[in-house]
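Notes to accompany the following structure.
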Amino acid sequence: MSAGNLTRRKIYDRASRVVFLLATLLGVAALGILLYRILSDGLGWLDWQFISSFASRFPEKAGILSALFGSLWIIGITAPVAFILGIGTALYLEEYAKKGWFTNLIQVNINNLAGVPSIVFGILGLGLFVEGFLFGRTILSGALTMALLVLPIIVVASQEAIRSVPQHLRNASYALGASKWQTIRGVVIPAAFPSILTGFILALSRAIGETAPLIVVGAVTFIAFVPSSPLDQFTVLPIQIYSWTSKPQDEFRAIAAAGIIVLLIVLFTLNATAVYLRNKYQKRY
Amino acid sequence: MSIIEVRDLNLYYGQHQALHNINMEIEANSITAFIGPSGCGKSTFLRTLNRMNDMIQGVRIDGSVKVVGEDIYESRVDVEILRKNIGMVFQQPNPFPKSIYENITFGPRLHGITDRNKLDEIVESSLKAAALWGEVKDVLKKPAYGLSGGQQQRLCIARALAVNPQILLMDEPTSALDPISTAKIEELLDELKTTYTIVIVTHNMQQAARISDKTAFFLNGELVEFDSTPVIFQNPCDKRTEDYITGRFG
Amino acid sequence: MIEITPLFPLSARGKGMFTLGRQEILTLNQEVRSKKSQIVVKNEKKNREFGIRTFLIACAFVSVLTTVGIVMVLLFETISFFKEVSLFSFLTDTKWTPLFIPQHFGILPLLSGSLLITLGACLVALPFGLMTAIYLSEYAHEKVRRTIKPILEVLAGVPTIVYGYFALTFVTPLIRSIFPDTGVFNALSASIVVGIMILPMVASLSEDAMVAVPRSLRDAAYALGATKLEVATKVVVPAGLSGIISSFVLACSRAIGETMIVTIAAGATPKLTLNPLESIQTMTSFIVQVSGGDIEHGSIEYSTIFAVGMTLFLLTLGINIIAQWITRRYKEEY
């Protein structure tokens, strides 16, 4: 091996470190620029009037009140439905299901559902809830669509959490004469709960940020009231932002940025909660 | 009198037969030790006595196991009540990730005891019975994971006693513990046998010799010899038992 | 409810359970004998266990019904669509103009739009994602790793509507300052931003695959005098290849299904073109365009949503199945 060859290899090696680091920093830089742009565009418009007003044709009067309540309504229904279905499915798959074609079918099906584009769930919601069940273009239709959309995420996260509960804890419970459900409720769920909760919160933040399926299901962009029942029409934060972004005037773009700031604050709060829970309840067995 | 009677017991994992034609009678208020090399079926046999093998897919059993005269493999038997009456302690200390108090009360609560005073009483008596009360009485609300390995194992014993069993099955309960903790638990077993029937699987022959009244030697899924402990260790009938006792294999 | 049978009365236990004589214990055990029936099945409890089990199966079944629902809903309207439009012209016509006369129903322009975006996104995300993964798994100190990974997680959690805003108000003006002829809506801006959006996914899945490569393989290469770069590119990447490729494929599938970024930044002009500076339309943004408008339900225009949705569904399903197949087929055994 010649000395020149070795030198060249060493130069490549040094250079590679720099190149890979720069590539890594691209993602970091993208996030930085994105946040900077949004803050500098929108911060000036973010005030109490913006939070407490309805949508308007005039940018200086426009606000996100109905969108904020719409998002709350959607999450308020999506969360319990997706939570029960998701944990139920995960418990069935991990604790009850015997190996076989049926279990396999459900598992493969969940993995595939996780890869279905969100807009296709929108079409499902349109065909099934809006027109099939005649719920119409309402909060209920939107929330149920969202629940199905985030279901695979919750199932997969809960499955991992349940699987990580050691078998010897279950054995201890059975040996005390606990039935299967008593063991699950008394031992498995408490031990897996922090991880389940983390996955659940992340799934909810996905639901809060989703736009496309709700457009298809039929959220409206201009609503000047606070919804009072699940069968009301609605809009949500991302859709309100979308409608402002697609307007040509610069002022509307700026309030879109202000709306994004509100949306991101909500999401970061949720994510921070998830991270906090994960760190607080690190595995203890 | 015998509290457990096993007749012609065979156990299969799918195609593989793990236990061959076991017959055994275990007396009440005694300590019976199962010894034998790893994989000889002693733990598997122990787990047939409270039907813990039910949880493993593909396990099949024939023959009969009678506990206080009742065949526990009959379909009308309630497995949960059976297991309440036959406590089990495992190789690894396995307290729940809960407080000491909640660990003990887990079982009684399962079986419908909710009265606070009664639960307090059970916690105290169980911990006393497991010789742990003095060490933990001031930290009952602390997580069980804060205890040492030996304390955790005694907590598991206390937890098993809290549902008031008649029989206590122990699957190598001291193999994960240091010698001092082991000695404490052996001492405890000697006290407990006045009240409970104890069946213990051990990999440690000295332990079997020290604490048990009767000893069963298993090899390749067969019960080779079952007799009073002095006989097994000093005057075994079977050549294979003698070879194992004297350390020629295993 | 199961009763604890007070074999040893609790008061007696508390005081001196070890003082019970042998005779007393035998009597107590006698008492057990007389209570044989205590270990016999209680129906109430069995019913509860059965009920819970049934409920959980029902939960699990919802996910199956979801898939069935998707297929049924898509199929139902797609069939009525193909009653009016022949499959042949759907697949071969080069124009997509269902909303004005003369109507054309050729999926190719939408398909090419989706593929153009995906191609562009992959050109950004795959190399940069892979390099990020290599850096994090092979080069970075633990401290750096622990800083950058959460940042990437945040990037992955940013809603697509925010990326859409970013594409339109930042990336597009940037492109237009370099290529002044570019339209306000163009494929390039959208595909770069879709690329940024899927980058964290490529990085994190590829990194998982590389972290799983055992230390001993790396040590073997180092012991032969390999540099870090050589270990990374000649040992770790090949060893983790199936995971890396499946991350690529999954990222492509995400890019095809991405909706809001392209709706906002790429325009609404179905066009069979490879020029990234032009305005195009993807399958997803067409669906948004139609469902956001006032199209009469039951009309042929309305059923286009479902035909396009079906195409999108089948395409992404196919890709996801390929990804799973790669993962299974080339699963590394260490």
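Among the strands (runs of 3 or more DSSP E) lying completely within the range B:1-82, list those that include at least 1 residues that are open to solvent by 60 Å² or more (accessible area, probe 1.4 Å).
In the range B:1-82, B:2-13, B:16-27, B:59-67 are the strands (runs of 3 or more DSSP E) which contain 1 or more residues that are open to solvent by 60 Å² or more (accessible area, probe 1.4 Å).
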Within the range B:67-88, the count of residues that are under 22 Å from residue B:215 (Cα atoms) and more than 11 Å from every other protein chain (Cβ to nearest Cβ) comes to 0
Turns out the helices (runs of 4 or more DSSP H) fully within the range C:135-211 with at least 2 residues that are β-branched (Val, Ile, Thr) and free of Cβ contacts under 8 Å to residues at least 12 places away in the same chain are C:142-157
Determine if the range A:84-98 includes at least one residue that is surrounded by 17 or more Cβ atoms within 10 Å (Cβ to Cβ), of a type in the set (Val, Ile, Thr) and either in the same structural domain as residue A:257 (by TED's automatic domain parsing) or in contact with a strand residue (DSSP E or B) (Cβ under 7 Å, 6 or more places away or on another chain) (or both). yes
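Within the range A:41-54, which residues are more than 10 Å from every other protein chain (Cβ to nearest Cβ) and either open to solvent by 70 Å² or more (accessible area, probe 1.4 Å) or not hydroxyl-bearing (Ser, Thr, Tyr) (or both)?
Answer for the range A:41-54, where residues must be more than 10 Å from every other protein chain (Cβ to nearest Cβ) and either open to solvent by 70 Å² or more (accessible area, probe 1.4 Å) or not hydroxyl-bearing (Ser, Thr, Tyr) (or both): A:43, A:44, A:45, A:46, A:47, A:48, A:49, A:50, A:51, A:54.
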Return the residues of the range B:192-231 that are assigned to a helix (DSSP H, G or I) and without any contact (Cβ under 8 Å) to a residue 24 or more places away in the chain; say none if nothing qualifies. B:206, B:230, B:231
Can you report the number of residues in the range B:90-121 which are facing another protein chain (nearest Cβ under 8 Å), hydrophobic (A, V, I, L, M, F, W, C) and within 21 Å of the chain's Cα centre (by Cα)? 4
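This table checks each residue for (1) modelled with pLDDT of 95 or more; (2) farther than 17 Å from residue A:217 by Cβ; (3) not in a loop (DSSP other than H, G, I, E, B).
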| position | (1), (2), (3) |
| --- | --- |
| C:290 | no, no, yes |
| C:294 | no, no, no |
| C:313 | yes, no, yes |
| C:332 | no, yes, no |
Reported set for the range C:68-97 where residues are more than 14 Å from chain A (Cβ to nearest Cβ), in a helix (DSSP H, G or I) and in contact (Cβ under 8 Å) with a residue 12 or more places away in the chain is C:82, C:84, C:89, C:90, C:91, C:92
What is the residue count in the range C:297-323 for residues that are facing chain A (nearest Cβ under 8 Å), over 13 Å from residue C:252 (Cα atoms) and open to solvent by 50 Å² or more (accessible area, probe 1.4 Å)? 1
For residues in the range A:31-54 being touching a residue at least 12 places away in the same chain (Cβ under 8 Å) and not in a helix (DSSP H, G or I), which is nearest to residue A:254 (Cα to Cα)? A:46
Which numbered condition residue C:130 fails, given (1) outside the structural domain of residue C:289 (by TED's automatic domain parsing); (2) buried (at least 21 other Cβ atoms within 10 Å of the Cβ): (1)
Conditions (1) open to solvent by 80 Å² or more (accessible area, probe 1.4 Å); (2) not assigned by TED's automatic domain parsing to the domain that holds residue C:270 -> residue C:95 fails only (2)
From B:131, B:144, B:158, B:176, residue being open to solvent by 30 Å² or more (accessible area, probe 1.4 Å), in contact with a Leu (Cβ under 7 Å, 6 or more places away or on another chain) and in contact (Cβ under 8 Å) with a residue 40 or more places away in the chain: B:131
Yes or no: residue A:28 in a helix (DSSP H, G or I), open to solvent by less than 70 Å² (accessible area, probe 1.4 Å) and assigned by TED's automatic domain parsing to the domain that holds residue A:189? no
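The values are calculated or read from the model by the stated rules, or taken from the named source; none is laboratory data. Keep in mind that what you see is a predicted model, and the values were worked out from it rather than measured. Methodologically, a virtual Cβ is constructed for each residue, glycine included, from the backbone with ideal geometry; neighbour enumeration extends over all protein chains shown. For the accessible areas, the whole protein counts, side chains as well, though only heavy atoms, and no ligand, DNA or RNA atoms are used. Shrake-Rupley method; radii C 1.70, N 1.55, O 1.52, S 1.80 Å.
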